[in-house]
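As structure tokens, the structure follows; a few thoughts come after it.
The values are calculated or read from the model by the stated rules, or taken from the named source; none is laboratory data. As the structure is a computational prediction, the values presented were derived from the model and not from experiment. Here the Cβ positions follow ideal geometry from the backbone for every residue, glycine too, while neighbour counts run over all protein chains shown. For accessibility, only protein heavy atoms count, side chains too; no ligands or nucleic acids. Shrake-Rupley method; radii C 1.70, N 1.55, O 1.52, S 1.80 Å.
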Amino acid sequence: EVIKTCSAPVADIDLPSPYLEGIFEPLINEGNFNFCAVIETNRGCPNHCSYCDWGRLGAKFKMFPLDKVLQEIDWMAEHKIEYFWVADSSFGLFERDMVIIDRLIEKKLETGYPKVFKANYAEHREVEVYDICRKLNVVDMNKGATLSFQSLDPTVLKNINRTNITMKRFTEMMALYNDANIATYAELILGLPGETYESFCRGIETLLEAGQHNALNLHALVLLPNSEMAQPEYIKKFGIKTVRTEFSQFHCEKASDDIPEYYDLVVATDSMDSTMWVRSTMFFIYIQNYHQLGLLQFFAIYLFHENNIKYQDFYNRLIDWSEANKQTLCGEIYSKFNEKLSGVPSGKGSRSYTNNIYGNTIWPLEEAVFLEILPNFDRFFEEIQGFLSNFNIEQAVYQNLLTYQKGMLKQPNKCTSEISLAYDLHNYFKNIYVHSYDKLEKRNIILHAADKKSAKTWKEYAVENVWYGRNDSRCIFSDITVDYT
């Protein structure tokens, strides 16, 4: 039966630790598995977002004993936990969070574990979060700094009781992170009340213009039972429509004896019908795969700065081109994934993807386009020139851009890449990332790119670069030396 507890938060959170109590020891001793683990260092949230359970509770912070948190970190290192996630709502909000980070780094240096750290970082604590990420970056442990927005539309933010940092401040922080080569990612939620296709695209455009070329993460809006948004009066006010659908756990392998879980996925509101919900999802998929993961990022950035072509226009035109050229690889992928998405509002579609090349892992569609294109690398770049030729880039620059775009993308069993250019595209883009634009210089250069973690198999590549490395642009070479000739 369903048991409903009172809405008041627990008074005492000095609770037994399943790690320290030995609950997981039999599982860990059972076989050769790679584990991820979650801990809380505190419980509570300073925000009152309408889509979140915490927002309605208005819960004050309660701290787990610091000694216990540090002991749990020691346990993670001892048991070789690879992926370590702190489930706090606002990590970095308290001074003791730096003590926790220092312990994590100490254990990583001693044992090699945990390998990756992930947290939901505090808003409006930009300097403190930057200092945390800078430390983690030194020991190759940073999963990325969260710069959450959920939406950039003022009406939407009002509807969901949300405030964001200013775009001026965001732009400054992006330049700081990019200059230090620290991964960042911005988070958005699709389907919020008041959002339209136009405002959604405009919001992504704003983030890209501010320099967020590393990663965008999109969350599908679901109704959480205790949230303000799930209450009947809120649903009626904004015309929220949902579909009961099976929950897909991405980056896992589905077992035959799995017990399915379900949630209420928001697929339409008064401001965005289900058709536009599908279109918005597809637009984000294109942004994630062709821009953030790097397939056409350099072309899009160049055209924005030199031809004044908005990022949203570039990728909307790419969607239209894919739809019109069904015989191309882009067209085939668009048709397949659009069909999947179009069935979601009626409960028949899917937001997940599998491919035997990458094992039995379940992938989200926002990574699937890249994974479909990667084994067909040469075909993609041959066909995509039919799209790129529409922008009338000077031929010599175009050929250099194409060489650079292809050469900067990592592939399985590709440890190095040597790129010969007649234009200094490397410094051109490097300057743009730190908001220091300068004209493209005609100059003969040779780029030597290296990948110290070069993957030997398709599956290893997908895990290391697309899953683990999505938020720090790991599909693109970053270890580069330049020779001027």
### Summary
Heavy-atom accessible area of PHE247, protein chains in place, probe 1.4 angstrom, given in Å² to nearest 10, is 80 Å²
### Query
Taking the Cα centre of the chain as the origin, how large is its charge dipole in debye, to the nearest 20, when only Lys and Arg (+1) and Asp and Glu (-1) carry charge on their Cβ atoms?
620 debye
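Could you tell me the convex hull volume per residue, in Å³, taken over the Cα atoms of region 340-472? Mind dumping the intermediate values first?
Details: hull volume 20.7 nm³, N = 133.
Dividing the Cα hull volume of region 340-472 by its residues yields 156 Å³.
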### Task
Could you do me a favour and compute the accessible area per residue for region 283-420, 1.4 Å probe, result in Å²?
37 Å²
## Note on the structure
If N is the residue count of region 157-218, its Cα Rg over 2.2 N^0.38 Å rounds to 1.18
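For region 107-189, what does the relative contact order come out to in percent, with C-alpha contacts under 8 Å and a separation of six or more? It would help to have the intermediate numbers written out before the result.
Working: 79 pairs, mean separation 28.9, N = 83.
It rounds to 35 percent for region 107-189.
Roughly to the nearest percent, how much of the accessible area of the chain is carbon and sulfur, given a 1.4 Å probe?
Details: 10950 of 22130 Å².
Of all accessible area on the chain, carbon and sulfur atoms account for 50 percent.
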### Query
With every protein chain kept in the model, how would you rank MET173, MET63 by accessible area, 1.4 Å probe, largest at the top?
MET63, MET173
### Message
What lysines does LYS62 reach when the alpha-carbon gap must be under 24 Å and sequence neighbours fewer than 8 apart in one chain are set aside?
### Response
LYS4, LYS118
### Task
Normalising by the residue count of region 1-123, find the relative contact order in percent from Cα pairs under 8 Å and 6+ residues apart.
26 percent
### Task
Calculate, for region 422-485, the solvent-accessible area per residue in square angstrom, rolling a 1.4 angstrom probe over the heavy atoms of the protein chains.
50 Å²
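Taking Rh as the Kirkwood radius, which is the inverse of the mean 1/r over Cα pairs, what is the Rg/Rh value for the chain? Intermediate values should be presented prior to the final figure.
Working: Rg = 22.9 Å, Rh = 24.0 Å.
Here Rg/Rh amounts to 0.95.
Can you work out the accessible area per residue across region 28-160, with the rest of the protein chains kept in place, probe 1.4 Å, in square angstrom? Present the calculation step by step, with values, prior to reporting the outcome.
On the way: 5960 Å² over 133 residues.
Accessible surface, normalised per residue, equals 45 Å².
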### Query
Nearest-5 percent of antiparallel DSSP beta bridges in the chain?
55 percent
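Just order 21-30, 262-271, 371-380 by mean Cβ neighbour count inside 10 Å, highest at the front, would you? Provide the component values of the computation, followed by the final result.
Values: 21-30: 10.4, 262-271: 18.6, 371-380: 16.8.
Sorting 21-30, 262-271, 371-380 by mean packing, highest first, produces 262-271, 371-380, 21-30.
Relative contact order for the chain: what is it in percent, counting Cα pairs under 8 Å that are at least 6 residues apart?
Values: 786 pairs, mean separation 56.4, N = 485.
For the chain, the relative contact order is 12 percent.
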